[in-house]
Amino acid sequence: MSPLIWYLIAYLVGGIPFGLLIAKYFAGINIKEHGSGNIGATNVLRVLKQTDPAKAKKLAATTLVLDALKGAAVILAAKVFGVCEATQWAIAVIAVIGHCFSPYLKLEGGKGVATAAGALLVLVPKAVLVAIVVWFIMAKTVKISSLSSLTAIVVGIASTYFLYPDLPIHSHAPLIIIGFVVLYKHKGNIYRLITGQEKRVI
């Protein structure tokens, strides 16, 4: 298939708002109208735990897994079809953009962390493992979801320069783009972190 077809598939798959769909059909709640209004796992957990903590954890975990899988799925399919490395990296970037600017939500979307993790787990797995460890440590200590995610994404991308100094595409540009998109989508969180208004996830 033409790379353009793969890019379209990546955008459409990346844009699937699993958190919104899961919360709506399994809990009867439109999470865009509650909490932070975000469609990601953190807001699913924050909103649903008010009525059913046990279900909230299950649905948030399901959202997290599905958001990660959609980042990985198209790249894995592309690998099966022998698509070149450069196109695979472009697919990763576009899948994250699809999640953050979903075609199904009038270009609104999530923060992109899980989708980025899923995509990069296929391409730079060791760096993602570093990011997961950093996220886990931050989540257990500071208990601020956005700070944990931002620290993990920055450290994970930075680690690729040491763990993968010679990527097949001879550039770390796709990683920088993914990092920029994720940071941009967290701009509100970054402001609240600076001003001390960001809430903890208990």
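General observations
- Residues that are more than 20 Å from residue 94 (Cα to Cα) and part of a helix (DSSP H, G or I), drawn from segment 150-186: 151, 152, 155, 158, 159, 161, 162, 163
- Which listed residue is buried (at least 19 other Cβ atoms within 10 Å of the Cβ), of a type outside the set (S, T, N, Q), part of a helix (DSSP H, G or I) and in contact with a Pro (Cβ under 6 Å, 6 or more places away or on another chain), from 6, 89: 89
- Selection status of residue 83, more than 23 Å from residue 36 (Cα to Cα), in contact with a helix residue (DSSP H, G or I) (Cβ under 7 Å, 6 or more places away or on another chain) and outside any helix (DSSP H, G or I): yes
- In this structure, residue 75 does satisfy being touching a residue at least 40 places away in the same chain (Cβ under 8 Å), closer than 25 Å to residue 179 by Cα, under 18 Å from the mean Cα position of the chain (by Cα) and assigned to a helix (DSSP H, G or I).
- For segment 168-202, taking the residues that are among the aliphatic types (A, V, I, L, M) and free of Cβ contacts under 8 Å to residues at least 40 places away in the same chain, the one that is surrounded by the fewest Cβ atoms within 10 Å (Cβ to Cβ) is identified as 194.
- Any hit, segment 126-149, residues being in contact with a Leu (Cβ under 9 Å, 6 or more places away or on another chain), closer than 20 Å to residue 43 by Cβ, free of Cβ contacts under 8 Å to residues at least 60 places away in the same chain and outside any helix (DSSP H, G or I): yes
- Tally, over segment 122-156, of residues that are surrounded by fewer than 20 Cβ atoms within 10 Å (Cβ to Cβ) and closer than 19 Å to residue 9 by Cβ: 1
- In segment 57-72, residue surrounded by the fewest Cβ atoms within 10 Å (Cβ to Cβ) [restricted to those that are in contact (Cβ under 8 Å) with a residue 40 or more places away in the chain and either over 17 Å from residue 22 (Cβ atoms) or charged (D, E, K, R) (or both)]: 72
- Looking across segment 152-170, the residues that are within 14 Å of the chain's Cα centre (by Cα) and over 17 Å from residue 41 (Cβ atoms) come down to 154, 156, 157.
- From 129, 107, residue being at pLDDT below 95 and either more than 11 Å from the chain's Cα centre (by Cα) or among the small types (Gly, Ala, Ser) (or both): 107
- Identity of the residue in segment 27-42, within 15 Å of residue 66 (Cα to Cα) and part of a helix (DSSP H, G or I), that ends up modelled with the highest pLDDT: 41
The values are calculated or read from the model by the stated rules, or taken from the named source; none is laboratory data. Please read all numbers here as calculations on a predicted model, not as lab measurements. Don't worry about glycine lacking a Cβ; one is built from the backbone with ideal geometry, like all the others, and counts go over all protein chains shown.
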